[in-house]
Amino acid sequence: MTASANVWSLGVVLWEICEFGKLPYSDLNDDEVIVKVLGEGTVRLGLPSLSSPQRQNLYVTHCIVLLLCEIEILLYLKLS
């Protein structure tokens, strides 16, 4: 796993939470997800169906988590 893969996974989990457990990329089969989402990058998840204030709170939370991950990575690299 890479840091980028972890961030992508976190984004998908947050989307699933906002959609109350809805399956992401439900119109694609597993092979299509691998090719179109992970390979080509031509398919992206849409915005969760949340009101604007909820979406803004989620965005802020996501940014904070990303910042904490970056700090953790930098500390790990410094201590290694």
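Tabulated data for the structure shown
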{"read-out": "Burial ranking of peptide ranges 42-48, 5-11 (average Cβ count within 10 Å, highest at the top)", "value": "5-11, 42-48"}
{"read-out": "Which label in (i) 18, 14, 11; (ii) 25, 20, 9; (iii) 21, 14, 11 gives the computed semi-axes √(5λ) of the Cα gyration tensor in Å", "value": "(ii)"}
{"read-out": "Extension gain, Ser80 back to Arg44 (0.36 nm per residue minus Cα-Cα distance, nm)", "value": "9.4 nm"}
{"read-out": "Inter-probe distance in nm under a simple model that places probes 7 Å from Cα toward Cβ, at Asn6 and Glu72", "value": "0.5 nm"}
{"read-out": "Selection from Ala3, Thr42, Asn57, by position along the positive dipole direction of the chain (Cβ)", "value": "Asn57"}
{"read-out": "Zone of Phe20's modelled label, taken as backbone nitrogen in region 40-57 under 14 Å from a point 7 Å along Cα→Cβ", "value": "49-51"}
{"read-out": "Test item: Cα-centred dipole of the chain, Lys/Arg +1 and Asp/Glu -1 on Cβ, debye", "value": "320 debye"}
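Here, each number is a calculation from the coordinates, and none is a lab measurement. Quick caveat: nothing in here was measured; it's all calculated off a predicted structure. For neighbour counting, all protein chains shown are included, and Cβ atoms are generated from backbone atoms with ideal geometry for every residue, glycine included.
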